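Taken together, the values in this text are just the output of simple stated rules run on the coordinates, not laboratory data. What you see is a predicted model, and the numbers here were worked out from it, not measured in a lab. Neighbour counts run over all protein chains shown; Cβ positions are idealised from the backbone, glycine included.
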Amino acid sequence: MRGNGPEAPAARTEITEAEIAAHWKEESLLPPPPEFVSQANMRDPAARERFSRERFPDCFREYADLLRWDRPFERVLASDRAPFYRWFVGGRLNASTNCIDRHLPLHADKPAILFQPEPAEAPPVAISYRELHRRVNEMAALLRDHCRLVAGDRVTIHMPMVPELPITMLACARLGLVHSVVFGGFSGEAAGRRAADSGSRVLVTSDAFWRNGVLVDHFAQAEGAVVAAREGGQEIDTVLIWSREPGRSLSRTPELPGRDTRIDDLLGRYSGRTVEPVAMDSEAPLFLMYTSGTTGRPKGCQHSTGGYLSYVAGTSRAILDLRPEDVYWCMADIGWITGHSYIVYGPLALGAATVLYEGLPTFPDPGRPWRIAKQLGVGVFHTSPTAIRQLRRLGPEEPRKYGCRFRLLVTVGEPIEPEAWRWYYREVGGGRAVVVDTWWQTETGGILCATWPALDAMKPGSTGPGAPGIHPVVLDEHGQEIPAGEGRAGNICIPHPWPGLMQTIWGDPDRYVEQYFRKYNRDPASKDWRAWPYFAGDGALLAADGYVRILGRVDDVINVAGHRLGAKEIESACLMVPEVAEAAVVPVADELKGRVPVVFVALHHGVTEPPGEVARRVVLAVETAIGKIARPKAVHVVPDMPKTRSGKILRRVLAGISNGSDTGDTSTLANPEVVERIVAQLQSTRPATKEDGPQETEGTP
Ligand code: PRX
């Protein structure tokens, strides 16, 4: 299964993740607990009618009406340039006003952000909506007056999980600047490449943060970012540094005068300043979020102001059941789409209190999340299957020790196996909370499939039917719909647009069309949305009851602990090592993280370097180019790659060997004997490099 556009690389990974996905049996349904139903935002069955197919696209007005518009919109959807859509056309709004200012009359003193630092003895820090307003305004004044940024300019933000991250995002939004947050765990080089692609001349970073009991020097990454951006043709003239502890420098990396400035040293000038929010067109871009695809170059998914904000506010209300009195904790990192939509924009648009935790969920012990949740009074909790597996493995009895009272438990990012699901339901939720498994993507802005928590029964191991207004289909290779309950896997597609859908890939509209729409488009000239089903790139099964089971990616994306990495990106990094002639990266099933990348490299003729040394360099190259998160579980230095007669590396065979499963038909190989040699090598030796140090979960994507 593959996109048939020019993007599809010649030597793609031949095995699909769906092929090695866990195939657990269909589970029975569990009704939502009555105490949840009686209080839920969306408990009226009439909601189904309001969001039915016939009501498309006007049903999404209900989401837009959750926002304050500076100028009302005239049309819900303009699809005359399909598959490029405009939502809430003619409307104007500001995202920061919607997330802050409009809550001030009723909720100024209510916490907006509850920051929990990692050190075990550090108390939580509450930031009220009033204080958030002050801090966002001061930062906006600094960006406008010191950096001379104007609406439409891009700003790259490479920061850890501290309140200054959402403050910077909202300050950008206040001015109409397009923020591009790069996950703090990515390397400086990765941040710099993204800064170059987006054309950012300002980088906002931090000096340090706590992770797993260690103070990490984050500013050490900044120089690599500036150099990589320059190599990509973009000069970064300003690096702004937030201090983890105001007034102190926790980084040992020297600063470059003229380029690098401590934000604390500047903020005094803007103390108490307010900045008039810029009323943006509904379709003005709010942010870019880079994600991995089938090529080595990450794509900047461009999300709109009006459509995106409406969609995340609407789904936060309908699926996460949030309202202003809630304390809500999503354990994702803001550097991923889950954090943007469901830590920052959705919860704040609804006036809820959103918890931000700096560190590792299992630090200093696996009881930590439940202690934090109890102390802060968290009612809705959101995390990834990897974190659930990890917390269960390390502390199966921990949740019940602390007496948390959750009413809703959310999971995202990977398939969750029924066993882990049941632990989450019974041990974390005490059987009193609804569990919602949400499926969606960076590109989709918000949740696409989930059970409607008060209206649908739960089914462990399956995400739900479509979210309100979303009507997914599963298509076969020829574009035919596979009927529900037939038991045949296909490609999950959304046959219509929705407000959270990205607008385009930054600077590359052709790639947007090729990647997501070409596969099932029947008429390239058509400007009717019905001709352009959205192709998500996931394999799926549709059960007779309309519930979707996601089987995994059908392309070269590897989902590690719910984090999305491109096999091609990792391969490009491996090829930076001069001794390496060829590299192939395959996903290997992992008990904890779902999938992990395993690298195979073949060396240039005549290389005499010991394999262990080359493997070490490969690991270092991957960490430098992408970050520790992409560190391969193993690097195998092999005599040759299994290849077709036309010279393509057969990754399917390598994946089969690594997963201890079938390698498939090897008769078409140009060099079938190499398969046995590799099998023998893997059996006889420990991998040249194995991940060292504790396996850590990175929270949700
Ligand atoms: O394969 C699907 C998997 O994560 C991919 C999207 O990754 P990303 O863009 O990083 O966004 C993750 C958070 C929304 C999807 O193509 N995925 C996401 N949620 C689920 C999932 N797989 C199974 N079940 C899910 N609930």
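The convex hull defined by the C-alpha atoms of the chain has an orientation-averaged projected area of 29.1 nm². Sorted on the mean count of surrounding Cβ atoms within 10 Å across their residues, most packed first, peptides 219-230, 444-455, 116-127 read 444-455, 219-230, 116-127. Among all the aspartates and glutamates, which ones have a C-alpha under 16 Å from Lys459's C-alpha, if same-chain residues fewer than 8 places away are not counted? Correct list for Lys459: Glu26, Glu27, Glu414, Glu417, Glu419, Asp437, Asp545. Which entries of Lys25/Lys299; Lys527/Lys648; Lys25/Lys593 show an alpha-carbon separation above 31 angstrom in the structure shown? Correct reply: Lys25/Lys299; Lys527/Lys648. For the stretch 397-554, the orientation-averaged shadow of the C-alpha convex hull comes to 10.7 nm² (one quarter of the hull surface).
About its Cα centre, the dipole of the chain is roughly 860 debye, where the only charges are +1 on Lys and Arg Cβ and -1 on Asp and Glu Cβ.
Exposure proxy ranking for His218, His496, based on other Cβ atoms within 10 angstrom of each Cβ and starting from the fewest, stands as His496, His218. Note on the chain: antiparallel DSSP beta bridges, both residues inside, total approximately 55 percent of the bridges counted.
Placing unit charges on each Cβ (+1 for Lys and Arg, -1 for Asp and Glu) gives the chain a dipole about its Cα centre, and among Tyr129, Ala489, Gly314 the Cα reaching farthest toward its positive end belongs to Tyr129. Put a plus charge on the Cβ of each Lys and Arg, a minus charge on the Cβ of each Asp and Glu, and nothing anywhere else: the dipole of the stretch 30-174 about its Cα centre is then about 560 debye. The trypsin sites (Lys or Arg not before Pro) found in the stretch 577-658 that occupy coil by DSSP, while having at most 16 further C-beta atoms within 10 Å, are Arg645, Lys648.
Seen through its C-alpha gyration tensor, with square-root eigenvalues sorted a ≥ b ≥ c, the stretch 102-166 comes out oblate because a/c lies at 1.5 or above while a/b is not bigger than b/c.
This ranking places Met159, Met169 by how few other beta-carbon atoms lie within 10 Å of each, fewest first, which gives Met159, Met169. Taking the Cα centre of the stretch 440-593 as reference, the dipole from Cβ charges on Lys and Arg (+1) and Asp and Glu (-1) amounts to some 440 debye. The residue list Ala141, His158, Thr295 was ranked by how far each Cα lies along the charge dipole of the chain toward its positive end, using unit charges on Cβ atoms, and Ala141 comes out on top.
When Lys and Arg each count +1 and Asp and Glu each count -1, what net charge do the other residues less than 9 Å away from Ile241, Cβ to Cβ, add up to? In short, -3.
Here Thr608, Thr295 are placed in order of increasing Cβ neighbour count within 10 Å, fewest first, which gives Thr608, Thr295. For the stretch 151-230, DSSP calls about 30 percent of its internal beta bridges antiparallel.
Show which lysines lie in cross-link reach of Lys401 when reach means a straight Cα distance below 20 angstrom and same-chain residues fewer than eight apart are skipped. List returned: Lys374.
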